[in-house]
Amino acid sequence: MTATDTTTDFDGRIAYYTMEIAIDNALNTYSGGLGVLAGDTIRSMADMEVPAVCVTQLNEKGYCRQTLEEDGSQISEPDPWPVEKHCDRLDVETTVSVFGRDVTVTAWRYDVESTKSDGVVPIIFLDTNVDDNDDKARQFTQRLYAPGYGEDVTLAQELVLGIAGTRILDELGYDVDTYHMNEGHAAFLTTELLQGRGLSPEQVREKSAFTTHTPVEAGHDEFDWVMVTDALGPSFDVDALRAYSHDQGLNMSLLALHLSGYANSVAKKHQEVSQNMFPEFDIDAITNGVHVPYWIGDAFGDLYDDHISGWRENPYKFKHATVLPDEDLWEAHQAQKRETIEFINEREGADLDPETLTIGFARRAAAYKRADLLFYDTDRLREIAETVGDFQVIYAGTAFPGDENGEQKIRDVVANAKDLEGVVDVEYVQNYDMELGAKLTSGVDVWLNNPRRPLEACGTSGMKAAYNGIPQFGTLDGWWVEGHIEGETGWKIGPEPAESTPDQTSDEEETRQDAMALYDQLENEVVPTYYDDREQWIDVMRQTIAFNGPYYHTRRMVREYLMDAYTN
Ligand SMILES: *Cc1c(COP(=O)(O)O)cnc(C)c1O
């Protein structure tokens with residue numbers, strides 16, 4: 001195998017397993033934050049010359065290409081991408097038994113090359129779309145999260161990722177020291193180590209690390225035991241697996257936790273939530289980050305080059321952001337804002353204005369993220385726009401195909417946009433992807449994030465915004481619990497974490513209170529500061545960079561994984 005030998009103090013190879021990865025806008029192999037995190041992690045591992053290899057599913061038909069009808073109804077289509085154009089076919093093959101047949105699995109390779117070191121991390125894409133397989137098996141690796149394909153295909157995908165992925169790494173000759181499961185989808189790798197390779201549970205734990213990413217129950221896949229028994233076949237000892245889950249079924253997070261020597265959550269607050277979900281396990285916290293050079297707009301790149309030497313290699317230097325002059329900071333911001341607004345006006349036929357306070361909101365359209373919170377009381381919203389100061393709002397985000405609640409949120413935003421025409425300009429930009437994500441998080445004035453507490457594990461779009469000097473305005477959940485200083489790095493919506501008792505407050509009541517808090521802050525802080533105290537606004541921008549910049553990057557995050565997760 002030609003994977004680079006690298007120079008680092010850490011000499012074991014890390015195999016990073018993930019169902020999705022956002023590595024390039026041309027590769028439609030991701031759906032949201034989990035994939036973006038995986039991509040940024042691998043980019044930083046390459047920069048740091050960490051000896052790693054990434055294993056994922058090919059997803060040749062992508063995840064979902066979103067278009068919206070007039071009323072905001074989402075049309076979800078496959079989103080194929082040209083695999084041969086970007087990846088090299090590897091001469092490697094293995095089989096895995098799935099629902100009574102041997103499925104052939106092949107692989108493609110894509111190298112993530114660092115732009116600032118000699119580091120390279122190969123991504124191995126698993127592919128079942130080959131002549132040997134029947135029509136059903138050929139579909140297994142085609143579409144991310146198999147929308148509409150049925151739960152048996154989801155289970156098959158996870159068998160391919162965990163079991164075939166591990167066999168393919170063996171075939172390719174990788175000597176893996178640590179297996180890292182980025183979410184529970186890959187947890188079958190532990191069963192391969194146990195039953196395929198004959199390791200003891202202790203030996204498996206020594207080699208395995210697990211990161212859990214969601215406090216939402218549905219984010220933890222669970223398959224009933226009958227289906228698991230059918231899928232794994234008679235040669236597999238399903239009874240031996242029961243000790244690593246519970247009676248209701250095979251829960252992939254429980255399987256991973258039982259067989260990992262190290263487990264972590266992705267923010268301090270998320271640690272508490274995860275610890276409550278899985279009280280019998282020890283769960284550490286490594287807060288997520290972003291790959292800084294990837295997400296910074298051109299004007300800010302130039303600004304930082306002028307004032308913060310070494311930031312590209314070492315984002316801890318953002319501590320020096322206190323030296324950024326007012327005028328330069330503002331000019332860089334306006335340049336990026338003009339570019340973003342032009343991009344959106346052109347793409348959506350919109351008429352957004354670069355001098356108007358612009359609020360950005362982009363994330364998967366999952367119900368708990370409450371895209372419609374801003375419109376809870378449109379009379380109040382109108383009044384703020386008419387009496388305090390004008391603002392416009394840009395939305396983007398795709399609902400999981402068939403997720404009624406998520407799709408309804410988009411229709412709600414679009415209906416409210418029509419209702420507010422002439423008072424508040426609201427645009428819903430179609431087909432949220434990495435490119436649009438980068439444009440939005442580098443070119444709006446304030447980043448709105450109002451998930452229902454405590455359901456946001458971390459959130460990374462606000463970090464991208466912070467690196468572009470854009471303060472966040474949000475509920476104190478996920479990373480914002482750590483990154484927020486009121487009036488200094490942005491503004492909060494609703495109570496401090498210690499004051500909030502989500503279990504005792506109904507959904508409706510909590511949402512009402514948060515909406516009122518949002519309006520109060522918009523009316524008294526965000527809008528007046530922007531228009532009447534520009535100097536103070538620029539101070540907030542600068543503090544956002546100086547306070548959060550040194551920490552919320554994947555270089556720091558990967559270092560923490562190296563020290564704590566990969567050395568147990
Ligand atoms: C950054 C990003 C995300 C993750 O953002 P969250 O704040 O975690 O919701 C999702 N999708 C895309 C396209 C992104 O760029």
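The values are calculated or read from the model by the stated rules, or taken from the named source; none is laboratory data. Fair warning: this is a prediction, and the values are worked out from it, not measured in the lab. Note: ideal-geometry Cβ built from the backbone for every residue, glycine included; neighbour counts use all protein chains shown. Side chains are part of the model used for accessible areas, which takes the heavy atoms of the whole protein and leaves out ligands, DNA and RNA. Shrake-Rupley method; radii C 1.70, N 1.55, O 1.52, S 1.80 Å.
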- Item | Estimated FRET transfer efficiency when R0 is 56 angstrom, pair Glu342-Ser114 (beta carbons, to 0.05) | 0.95
- Note on the structure: Classified through the alpha carbon gyration tensor (a ≥ b ≥ c as square roots of its eigenvalues; rounded if a/c is under 1.5, else prolate when a/b is larger than b/c, else oblate), the range 211-316 comes out prolate
- Once the Cα atoms of helix 378-387 and of the chain are each reduced to a long axis, what angle between those two axes, in degrees from 0 to 90 to the nearest 10, is obtained? 50
- Measuring from the longest principal axis of the C-alpha atoms of the chain, the long axis of helix 534-548 (C-alpha) lies at a number of degrees, nearest 10, equal to 20
- Query: Roughly what % of Cα-Cα distances in the range 335-545 sit above 22 Å, to the whole percent?
  - Reply: 46
- Once Rh for the range 431-502 is found with the Kirkwood sum over Cα pairs, what is the Stokes-Einstein diffusion coefficient at 25 °C and 0.890 mPa s, in µm²/s? 197
- Message: For a Förster distance of 35 Å, can you work out the FRET efficiency between the beta-carbons of Asp507 and Tyr531, rounded to the nearest 0.05?
- Response: 0.55
- Find the relative contact order for the range 1-160 and round it to a whole percent, using C-alpha pairs within less than 8 Å whose residues are 6+ positions apart. 24
- Query: What is the gain in length, in nm to one decimal, between Asp239 and Asp91 on full extension, counting 0.36 nm per residue of separation less the C-alpha to C-alpha distance?
  - Reply: 49.7 nm
- Query: Roughly what angle does helix 33-47 make with the longest principal axis of the chain, taking Cα atoms, 0 to 90 degrees, to the nearest 10?
  - Reply: 80
- Can you pull the one-decimal nm distance between simple spin-label points at Glu70 and Glu386, each 7 Å off the Cα toward Cβ? 2.8
- Message: In whole percent, and with a 1.4 Å probe on the protein chains, what portion of the accessible area of the chain is carbon and sulfur?
- Response: 43
- Query: Under the classification rounded if a/c is under 1.5, otherwise prolate if a/b is larger than b/c and oblate if not, where does the chain fall, given a ≥ b ≥ c as square roots of the Cα gyration tensor eigenvalues?
  - Reply: prolate
- Message: Per residue of the range 296-310, what does 6.51 cos²θ - 1.76 cosθ + 1.60 with θ = phi - 60° give for ³J(HN,Hα)? Whole Hz please, x for Gly and Pro, Karplus curve as stated.
- Response: 8, x, 4, 5, 6, x, 5, 4, 5, 4, 6, 10, 10, 5, x
- Calculated from DSSP H runs of 4 or more alone, at -39500 (n - 2.57) each and per residue, what is the 222 nm mean residue ellipticity of the chain, nearest 500? -10500 deg cm²/dmol
- Task: Would you please name the GluC sites (Glu not before Pro) within the range 392-458 that are DSSP coil residues with at most 10 other C-beta atoms within 10 Å of their C-beta?
- Result: Glu421
- For the range 29-73 and the range 200-219, write down the distance between their C-alpha centroids in whole Å. 20
- Note on the structure: Out of Ile394, Gly469, Leu374 - ranked by how far each Cα lies towards the positive end of the dipole of the chain, with unit charges on the beta-carbon of charged residues - the top one is Gly469
- Message: What distance in nm lies between label points placed 7 Å from Cα along the C-beta direction at Asn405 and Asp132?
- Response: 4.2
- Peptide ranges 77-89, 204-216, 275-287 listed from the most packed, as the mean C-beta count within 10 angstrom indicates: 204-216, 275-287, 77-89
- Message: Applying a 10 Å radius around every beta-carbon, put 305-317, 474-486, 342-354 in order of their mean neighbour count, most first.
- Response: 474-486, 305-317, 342-354
- Item | Three-way shape call for the range 14-289 based on the alpha-carbon gyration tensor, with the a/c threshold at 1.5 | rounded
- Item | Mean separation of Cα contacts under 8 Å, 6 or more apart, over the residue count of the range 247-347: relative contact order % | 18
